[in-house]
Amino acid sequence: MRPDLLNPLFAETESLDGVGPKLKKPLEKLGLTRIRDLAYHLPDRFVQRRSIADLDDASVGEQVVVPLTVIEHRSGGSTRAPYRVMAQDAKGNVIALTYFGRASYTGRKLLPVGEKRWVAGKIDQYGQMLQIVHPDQVEEDSSAAMGRLLEPVYPLAEGLTQPRVAGLTHQAIQRCPDLPEWIEPGVLAKHGWPAWRDAVQRGHAGPDGTARDRLAYDELLANALALMLVKADNRQRRGQSLQGDGRLRSKLQLPFPLTGAQRRSIAEIEGDMAQQAPMLRLLQGDVGAGKTVVALEAMLLAVEAGAQAAMLAPTEILARQHFETLSRLAAPTGVRIALLTGRDKGRARESTLMSLLDGSIDILIGTHAIFQDAVSYRNLGLVVIDEQHRFGVSQRLLLTQKGRRTPHTLAMTATPIPRTLTLAQYGEMDVSKLDELPPGRQAIDTRVISQDRLADVIDGLARHVESGAQAYWVCPMVHESENEDLAAAEARFGVLQARFGGVVALVHGQLKPDEKDAAMARFAAGEARLLVATTVIEVGVDVPNATLMVIEGAERFGLAQLHQLRGRVGRGSQKSVCLLLRGEMLGEVGRQRLALMRETQDGFRLAEEDLQLRGGGELLGTRQSGETPFRIADLEQIQRLLPMAHDDARLLVERDGGLASPRGEAARVLLYLFERDWGVQLLRGG
Ligand code: ADP
Ligand code: MG
């Protein structure tokens, strides 16, 4: 149960003055649903205004506060035209205060003719006239205006204004209680960090690195602590020691020898599974590194030892593909493999569930449906989670493991994240790395091309398809709404279909599962030569004859994502090409990032360099793309503060594993504050 102390912070935003259903929507769009979210909605930056006596002293583009006397209101006539309030300064210089749409109501109300007001905003030029569009403040007395010469600039969504958001965060700050200190006193003193409530206040009041560091540190500490508790809890759980005799694995007839990295990883997994304590291991391997075979070996080992294994895939498509691949590879061993997804209903599903329970299924592959309550295993010994990063806060997933004995867990990911971020995402999970690609892979010829040359690209595509090969065409997810993205993908599909006819297939996230599968199946069978897709094909899909990948709006993707997409080609013996189409608006960093894609195919290197390149720059983008599990800490702070947070968390758990000391109690508050309370629940669940 959440400590009562935090209740005010978890009240809905609607409990604030002025927030009703209408304002709730845009707030939600920014992820602001509770008071806490608003308290943590820190400004992107601050504007500094200059106080001036009259407009002679102002320059265009400048942020000022100036006393003005209202002389006239000019309504625009039509509803579209702006509403202008004409005002003059002490010297008689005239300026228009311009309002569009509904905001004109504000202008009408706040600026009565003949009255003097202090107006804050940015000076613009409109024809010969000076103007301020939507003044940030209109105050009756100078002290109110002068008191706010430094103003925060908040991230906004449509339907919100700066003053609105500032007002709401202000209200939220008022509701922040004093919280007990969870940071180690030594750490706190060393950095001169303020107490939590002060830090929140200061974070909104001005550019204050110290306060923001503290808030970021809190988030990192909460995460590190929760991971540490998972790990500690896991250590105490009872699993089963699984030792295979190799009788099934020896029957495998793989068409290739395993790489050194694969053999090493399998040995590490074998070592873990032989222990009584449940394995908690991450298998990190670049796209195409051959993780599936490693998973198969581990699952066969479990079956040899008399247990069952389950493999969880993030999408229906991928589950199906794994089912087919693994059934084929494992055929000589005689193990019984089944597929279970959310689509299985009625008799078929019942029969699968029965067979799981009586042990006549050895290996189950599926989507999260395989962990629903109704699904019981006779003896589940191993859970493999493919493309772990797609499941959000990864550790929460590990808790879904039920049963008398905790199964061993092997999580697999192709996201080549930098080391610091690995620590952030997975804590001290044991890691096996497939850092060696199977031999004979050809480098993918990657080129960056301007979107202007679309026609040439399509001609090239035509030659490619005529030669008998297949291709992917990826449309970006860039717009505000999913529908717009979809429209863009459908438009591109239309264009390509007009040129290539019936050999073009389209997949996107809003298709019904059968339609999606049907399209994928047509492509995999070679009936469709060209697959137009949104990023749903990002993970796992394996069609060796597809040797051309076109990615539109490449600059909009994270490098890790581009790398994953590119990994869909270069899977067969033919030379593959990846064309990155870039828009016109490409900054220096954007240019360098795409150049990096051209230069290397090493996912880990891409990840490290991307981090370097972006440095503190594109933090927002990173946060939104879900590359890190953090909302407050940015990449730079993660790199700088995470190791310390990690050590701090470890110390705390070593000294007070039950979080029972006063500082431990405070740490519980912290976990709830960041909704890492699954960490706390472990303390009781045991
Ligand atoms: P990922 O790590 O991306 O999941 P996969 O397991 O899908 O990669 O493997 C990619 C391809 O490489 C598959 O076609 C697989 O059969 C092949 N492969 C896996 N291991 C080897 C190996 N040791 N030698 C050659 N090919 C391999
Ligand atoms: Mg895979």
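Here region 254-378 is treated as a sphere whose radius is the Kirkwood value from Cα pairs; by Stokes-Einstein at 4 °C and 1.567 mPa s it diffuses with a coefficient of 84 µm²/s. Spin-label model, Q276 to A660: label points 7 Å out along the Cα-to-beta-carbon direction sit 2.3 nm apart.
Sorting the segments 635-644, 1-10 by their mean number of nearby beta carbons within 10 angstrom, highest to lowest, gives 635-644, 1-10.
The Rg/Rh ratio of the chain, with Rg taken over Cα atoms and Rh as the Kirkwood radius over Cα pairs, comes to 1.02. Between D602 and S360, the contour length at 0.36 nm per residue exceeds the Cα-Cα span by 82.9 nm.
Summing +1 for each Lys or Arg and -1 for each Asp or Glu among the other residues whose beta-carbon sits under 11 angstrom from that of R663 gives -3. Dipole size of region 46-151 about its Cα centre, with +1 on Lys/Arg Cβ and -1 on Asp/Glu Cβ: approximately 460 debye, rounded to the nearest 20. Of the residues A424, Q253, T325, the one whose Cα sits farthest towards the positive end of the charge dipole of region 249-434 is T325 (charges of +1 on Lys and Arg Cβ, -1 on Asp and Glu Cβ, taken about the Cα centre).
Among W678, W196, sorting on how many other beta-carbon atoms sit within 10 Å of each Cβ, with the fewest leading, yields W678, W196. The residue list G658, Y126, L149 was ranked by how far each Cα lies along the charge dipole of the chain toward its positive end, using unit charges on Cβ atoms, and G658 comes out on top. For region 95-128 versus region 23-71, the inter-centroid distance based on Cα atoms is 15 Å. Peptide packing: for 371-379, 279-287, the average count of neighbouring Cβ atoms within 10 Å per residue gives the ranking 279-287, 371-379, highest mean first.
Toward the positive end of the charge dipole of the chain, with +1 on the Cβ of Lys and Arg and -1 on the Cβ of Asp and Glu, the farthest Cα among M228, Q162, Q88 is that of M228. Exposure proxy for V293, V94: other Cβ atoms within 10 Å of each Cβ, ordered fewest to most, give V94, V293. Dipole check for region 249-434: with +1 at the C-beta of Lys and Arg, -1 at the C-beta of Asp and Glu, and the Cα centre as origin, the magnitude is about 180 Debye. Packing, as the average of other Cβ atoms within 10 Å across residues, places the peptides 446-453, 60-67 in the order 60-67, 446-453, highest first.
In this simple spin-label model, placing a label point 7 Å from the Cα along the Cα-to-Cβ direction at both L511 and Q451 gives a separation of 2.4 nm.
Helix-derived [θ] at 222 nm for the chain: sum -39500 (n - 2.57) over DSSP H runs of at least 4, divide by residue count, nearest 500?
-12500 deg cm²/dmol
Partner lysines whose Cα lies under 22 Å from the Cα of K231, excluding those fewer than 8 positions away in the same chain, are identified as K402, K433. Other residues lying with their Cβ under 12 Å from the Cβ of R650 contribute a combined charge of -4, Lys and Arg counting +1, Asp and Glu -1.
Excluding same-chain neighbours fewer than eight residues apart, the lysines reachable from K109 by a Cα-Cα span under 22 Å are K22, K122. The value of relative contact order for the chain, using C-alpha pairs under 8 Å at least six residues apart, is 13 percent. In this Cβ point-charge picture (+1 for Lys and Arg, -1 for Asp and Glu), the chain has a dipole of about 1260 debye about its Cα centre.
Bear in mind that the values in this text are calculations on the coordinates, not laboratory data. The model shown is predicted, which means the values in this text are computed figures rather than measured ones. Cβ: placed from backbone, ideal geometry, glycine included. Neighbour counts: every protein chain shown.
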